[in-house]
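Here the structure comes first, spelled out in structure tokens, and everything after it is commentary.
Read-outs throughout are calculated quantities, based only on the coordinates presented, and are distinct from any laboratory measurement. All figures in this text were calculated on a predicted structure; none of them were measured in a lab. Ideal geometry is used to build each Cβ from the backbone, glycine not excepted, and the neighbour counts take in all protein chains shown.
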């Protein structure tokens with residue numbers, strides 16, 4: 001087979017879409033060693049992603065091509081010249097006028113479900129690209145049953161065209177390595193018990209709702225890890241107005257092994273997001289053998305299973321009750337952690353890669 005991946009985000013995005021792209025490319029290239037794989041990207045960033053395998057080649061626009069045009073349409077000429085069998089768009093889009101058989105992975109359609117969290121121009125572009133990809137791709141991968149339902153609902157796509165293939169998380173959360181020494185980091189920020197928030201600091205992630213709960217519980221500390229957006233100013237204002245500076249800390253973590261260590265040191269993860277297409281921190285928490293709290297929306301129950309802790313959406317007292325349950329040791333808490341650890345193995349890279357490869361083979 002000759003397969004081309006849209007690798008823009010693998011090389012240039014450090015967060016969710018980039019992590020997914022790197023996971024798929026790395027795992028599939030290790031299995032399909034006798035097949036030719038091409039990574040299409042307008043820009044390279046070896047500090048984020050660097051892959052050197054004999055069956056993997058990088059394709060880019062020439063010096064005279066507009067990068068945006070090349071990725072959205074101009075690449076078709078190269079695909080045809082290379083006689084590519086399958087093009088895999090890893091992040092909600094495929095090239096316009098593509099003649100090559102194609103798959104698109106759709107992560108979410110939240111820009112349609114929650115338009116208030118996206119500016120007008122971005123919303124229109126995301127909608128156009130996702131609709132085109134869903135209608136014109138040969139097959140669609142949805143990362144959750146919830147996203148599959150949204151694709152059918154918003155774009156009127158035949159469900160037979162869509163396959164749900166769950167994603168996994170970085171191996172450092174799964175391997176539970178203790179070989180690294182974080183003494184210099186741990187003694188200051190992680191000395192006292194804390195609960196953990198992981199996610200971008202943006203309105204949809206609903207951090208202020210969690211801070212309202214922290215404000216009402218004595219002697220509980222919160223550590224937040226995530227990229228700070230414009231919404232961070234509102235978060236900081238809430239913290240200052242409620243004198244929470246000693247209870248809430250923000251950490252900038254560039255080393256993912258340190259982040260995995262922070263997970264395992266915490267009393268549990270609270271994931272208050274209003275909605276997601278999947279919710280990677282939930283499975284990171286379960287693999288880390290800590291309790292996970294999130295809302296009772298269907299997507300979070302799909303990912304979190306029966307033994308995560310769920311608060312009623314928009315119900316502050318319900319969230320407070322769940323935080324109190326995970327804060328103290330108990331047999332029930334330990335049992336939930338162990339059952340979640342057994343359950344979370346359904347989200348694994350091996351299963352993901354085998355299902356994707358089978359889909360490729362069915363398309364030929």
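May I ask you to derive the relative contact order of region 103-142, considering only C-alpha pairs under 8 Å and at least 6 residues apart, and to give it as an integer percent?
Reported relative contact order: 67 percent.
Before rounding to the nearest 500, sum -39500 (n - 2.57) across all DSSP H runs of length at least 4 in the chain and divide by the residue total; then give [θ] at 222 nm in deg cm²/dmol.
Value at 222 nm, helices only: -12500 deg cm²/dmol.
Per residue and in cubic angstrom, what volume does the convex hull of the Cα atoms of region 284-364 have?
95 Å³
Quick one: compute the contact order of region 171-346, relative version, from alpha carbon pairs under 8 angstrom and 6+ residues apart, as a percent.
Values: 268 pairs, mean separation 39.2, N = 176.
Relative contact order here is 22 percent.
Working from the alpha-carbon coordinates of region 171-346, get Rg over Rh, Rh being the Kirkwood radius. Working shown, then result.
On the way: Rg = 15.1 Å, Rh = 16.3 Å.
Here Rg/Rh amounts to 0.93.
Highest first, please rank the peptides 243-249, 131-137, 338-344, 51-57 by the mean number of other Cβ atoms sitting within 10 Å of their residues.
Values: 243-249: 14.0, 131-137: 19.0, 338-344: 17.1, 51-57: 12.3.
For the peptides 243-249, 131-137, 338-344, 51-57, the packing ranking is 131-137, 338-344, 243-249, 51-57.
Nearest 0.05, what FRET efficiency do residue 254 and residue 164 give at R0 = 25 Å with Cβ-Cβ as r?
Values: r = 32 Å, r/R0 = 1.30.
Efficiency, rounded to the nearest 0.05: 0.15.
Using only the alpha carbons, work out the radius of gyration and Dmax of the chain in angstrom.
Expressed in Å, the Cα Rg and Dmax of the chain come to 21.3, 65.
Averaging sequence separations of C-alpha pairs under 8 Å and six or more residues apart, then dividing by the length of the chain, give the relative contact order as a whole percent.
Averaging sequence separation for qualifying contacts and normalising by length gives 14 percent for the chain.
How do 190, 316 rank when sorted from fewest to most other Cβ atoms within 10 Å of their own Cβ?
Going from least to most buried by this count: 316, 190.
Relative to the longest principal Cα axis of the chain, at what angle does helix 316-327 sit, 0 to 90 degrees, rounded to 10?
80 degrees
For region 97-161, what are Rg and Dmax over the alpha carbons, in angstrom?
11.8, 36
With springs only between Cα atoms under 10 Å apart, run a GNM on the chain and tell me which of 121, 283, 31 wobbles the most.
Maximum fluctuation in the GNM of the chain, among the listed residues, is at 121.
Calculate, axis by axis, the spread of Cα positions in region 23-134 along the three principal axes, and write the results as whole Å, longest axis first.
46, 30, 29
For region 1-58, what is the convex hull volume of the alpha-carbon atoms per residue, in Å³?
63 Å³
How far is helix 349-363 tilted off the main Cα axis of the chain, in degrees rounded to 10, range 0 to 90?
30 degrees
Tilt of helix 331-343 relative to the longest C-alpha principal axis of the chain, in degrees (0 to 90, nearest 10)?
Helix 331-343 sits roughly 0 degrees off the main axis of the chain.
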